[in-house]
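The structure appears right after this line, and notes come after that.
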Amino acid sequence: MNGDVVRVAAVGDLHCGKASPGVFQPLFTRMTESADVVVMCGDLTDYGLPEEARVLAREVGGALKLPIVAVFGNHDYESGCADEVRALLADAGVRVLDGDGVEIRGVGFAGVKGFAGGFGDRALQSWGEPVLKSFVREAVEEALKLETALARLRTPRRIAVLHYSPIRATVETEPAEILPFLGSSRLEDPINRYNVTLVVHGHAHHGAPEGRTTTGVPVYNVSVPVLRAAFPEQPTFRLFEIPVAGEAAVPAVGTP
Ligand SMILES: [Fe+2]
Ligand SMILES: [Fe+2]
């Protein structure tokens with residue numbers, strides 16, 4: 001920590017595979033040199049396999065000497081081993097949030113994977129076949145989990161950590177056919193209402209690096225391919241300086 005600023009390094013879509021030993025050491029070393037906290041925005045592993053989680057855990061243990069906050073992405077659920085993957089990463093100090101929050105050095109982090117369904121007036125609605133209603137219900141429940149996590153934070157500065165995007169702007173450079181699968185506007189409502197400082201997400205590998213919610217909350221797509229394309233000369237993470245000086249803790253928003 002440098003004075004009254006907390007430096008947060010964010011990256012998404014590491015997609016750690018069985019053949020990744022050593023791949024992340026330079027990245028994690030640069031993060032350790034540059035930041036106070038690290039945020040990982042899902043797709044931590046490629047297939048959600050315990051073997052992959054063990055590789056990532058060893059990479060983290062070898063070079064990343066900071067508090068680490070993460071959420072899972074869709075890839076981390078692929079093999080049905082999410083609990084084991086979570087436990088392996090926890091042993092390496094990676095705290096995977098799923099509808100809960102954590103406060104580190106005066107900054108609050110609320111984390112949830114999020115889900116798909118599309119954006120704005122064209123978002124998928126809960127109508128018709130039961131399977132379609134289940135799909136929409138997943139997005140609604142993820143938004144409620146985000147709201148719950150934000151409501152519990154007492155810090156004046158709050159960062160929302162997602163895998164799926166809450167806005168169209170950071171995914172709209174993707175093919176139009178897949179936009180509804182890259183995020184959901186349902187996630188945007190709690191972000192706006194709880195006065196979030198900034199949002200980081202991944203998932204859209206060919207999305208745009210920055211956008212804003214309808215109330216002006218900055219949203220950053222920190223997916224590795226997006227950062228490589230947008231900032232080819234920079235290390236592959238985004239660094240945010242969060243001021244924390246002289247700000248008293250605030251009561252949770254929206255609680256009785
Ligand atoms: Fe990904
Ligand atoms: Fe993803």
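Things to note:
- Filter result (within 16 Å of ligand 1 (Cβ to nearest atom) and small (Gly, Ala, Ser)) within region 68-82: 70, 73, 79, 82
- Number of positions in region 190-212 that are more than 16 Å from the chain's Cα centre (by Cα) and either within 16 Å of ligand 1 (Cβ to nearest atom) or outside any helix (DSSP H, G or I) (or both): 3
- Being of a type in the set (Gly, Ala, Ser), in contact with a strand residue (DSSP E or B) (Cβ under 8 Å, 6 or more places away or on another chain) and at pLDDT 95 or above holds for only one residue in 216, 207, and it is 207.
- Selection from region 126-141 of residues that are hydrophobic (A, V, I, L, M, F, W, C) and touching a helix residue (DSSP H, G or I) at 6+ places or on another chain (Cβ under 9 Å): 127, 136, 139, 140
- Taking the listed residues 79, 20, the one that is crowded, with 16+ Cβ neighbours inside 10 Å, at pLDDT below 95, of a type outside the set (A, V, I, L, M, F, W, C) and over 20 Å from residue 159 (Cβ atoms) is 20, with no other qualifying.
- Top-ranked residue of region 54-87 - restricted to ones that are in a helix (DSSP H, G or I) and within 16 Å of ligand 2 (Cβ to nearest atom), ranked as nearest to residue 7 (Cα to Cα): 56
- Subset of region 146-164 [within 16 Å of ligand 1 (Cβ to nearest atom) and more than 17 Å from residue 68 (Cα to Cα)]: 164
- As a summary of the residue check, residue 230 satisfies the conditions (1) surrounded by fewer than 23 Cβ atoms within 10 Å (Cβ to Cβ); (2) more than 30 Å from residue 29 (Cα to Cα); (3) hydrophobic (A, V, I, L, M, F, W, C); (4) touching a residue at least 12 places away in the same chain (Cβ under 8 Å) except for the one numbered (2).
- Identity of the residue in region 150-174, in contact with a Pro (Cβ under 9 Å, 6 or more places away or on another chain) and in a helix (DSSP H, G or I), that ends up nearest to residue 115 (Cα to Cα): 150
- Annotation: of all residues in region 175-204 being out of contact with any Pro (no Cβ under 7 Å at 6 or more places or on another chain) and of a type in the set (Val, Ile, Thr), the one that is nearest to ligand 2 (Cβ to nearest atom) is 178.
- Here is the figure for region 154-174: residues that are surrounded by 24 or more Cβ atoms within 10 Å (Cβ to Cβ), of a type in the set (A, V, I, L, M) and away from ligand 2 (no atom under 15 Å from the Cβ) total 3.
- Single residue of 60, 37, 6, 85 found to be under 25 Å from residue 159 (Cα atoms) and within 16 Å of ligand 1 (Cβ to nearest atom): 85
The values are calculated or read from the model by the stated rules, or taken from the named source; none is laboratory data. In this text the structure is predicted, and so the values were computed from the model without any measurement. Using ideal geometry, Cβ is built from the backbone for each residue, glycine included, and neighbour counts are taken over all protein chains shown.
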